[in-house]
Amino acid sequence: MVLRRACRAEWTKLRTETGWWWLLLGLVALTVAVGAATSGSVRCCGGDPARLALSGVTVGQAVAVVLAVLCAGGEYGTGMIQVTLTAVPARTTVLAAKAAVLSAVVAAAGGVAVLGSLLAGHLLLPGAPDLTDGPALRAALGSVLYLVLVAQLALGVTFAVRDGAVASGAALALLYLFPLLSHVVTDPWLQRQLARFGPMPAGLAVQATTALHRLPIGPWPGLGVLALWAAAALLLGGTVLRRRDA
């Protein structure tokens, strides 16, 4: 009952903030636009059509990070976190409520964004898979889950550092650092390890629908790696929240 009331309170905060809706719209628009632009730039067959169509997720995830940071960082910035913790003293309940509401809205926006990207890819890409194709469905569902897990990771980081700007930088750096390092290092073995254990490259393996045997990590195990990163971030954020007054 307490968790339900806390979730209702978090939902009330969200739907009364105009900026939230613009960010959700931005997540959808940016993801679809980048995916459509990538699909439209391909002039011949080859590659992974589903992954190309869903390439906008790599950009849209930055908006998911901002949404997660605002979910908690905004309250730290205004001091509203004191009111929240007075109304719901149980720190774990506060974290769970924020995580649940954030997951719901990001999943909804992510679902629209992924569907729009696949539709655009189906229209623009040569040899695009049917939307009811099994691997394409897995890539679509996995991409939505990827966005949700990225938001959870950013939420945990925000509660750990208690500063919106720092949390945004830390979460984005954590996501994009591993792909950047894989382009810097020249050792193939090290490149493979970065792709297997980095939250972004491992998580995005779920979008692959062709040549799965060549991947450093399988689609679902890769998403599991991202889930572990998100769980670790939430555990750290929850520990800091319980040990401090706000």
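The values are calculated or read from the model by the stated rules, or taken from the named source; none is laboratory data. If you're wondering where the values come from, they're calculated on a predicted model, not measured in any experiment. Here the Cβ is made from the backbone with ideal geometry for all residues, glycine too, and neighbour counts use every protein chain on show. Accessible surface areas use protein heavy atoms only, side chains included; no ligands, DNA or RNA. Shrake-Rupley method; radii C 1.70, N 1.55, O 1.52, S 1.80 Å.
Annotations for the structure displayed:
- For the chain, hydrophobic long helices are taken as DSSP H runs at least 15 Å long by C-alpha position along their axis with mean Kyte-Doolittle hydropathy of 0.0 or more; these are 18-41, 57-78, 91-124, 134-161, 164-184, 219-243.
- Extension gain (nm, one decimal) between residue 119 and residue 12, 0.36 nm per residue minus Cα-Cα: 35.3 nm
- Candidates 185, 31, 156 compared by Cα position along the dipole of the chain: farthest toward the positive end lies 156, with charges placed on Cβ.
- Whole-number accessible area per residue in Å² for the chain, which is evaluated in the context of all protein chains at 1.4 Å: 47 Å²
- Mean separation of Cα contacts under 8 Å, 6 or more apart, over the residue count of the range 171-246: relative contact order %: 23 percent
- In this simple spin-label model, placing a label point 7 Å from the Cα along the Cα-to-Cβ direction at both residue 108 and residue 210 gives a separation of 3.6 nm.
- Recomputing mean projected area of the Cα convex hull in nm² from the coordinates shown identifies the correct label among (1) 12.8; (2) 14.4; (3) 13.7 as (3).
- The range 32-94-the range 220-245 distance, computed between alpha-carbon centres (Å): 16 Å
- Coil-residue trypsin sites (Lys or Arg not before Pro) of the range 1-68, DSSP, other Cβ within 10 Å capped at 14: 43
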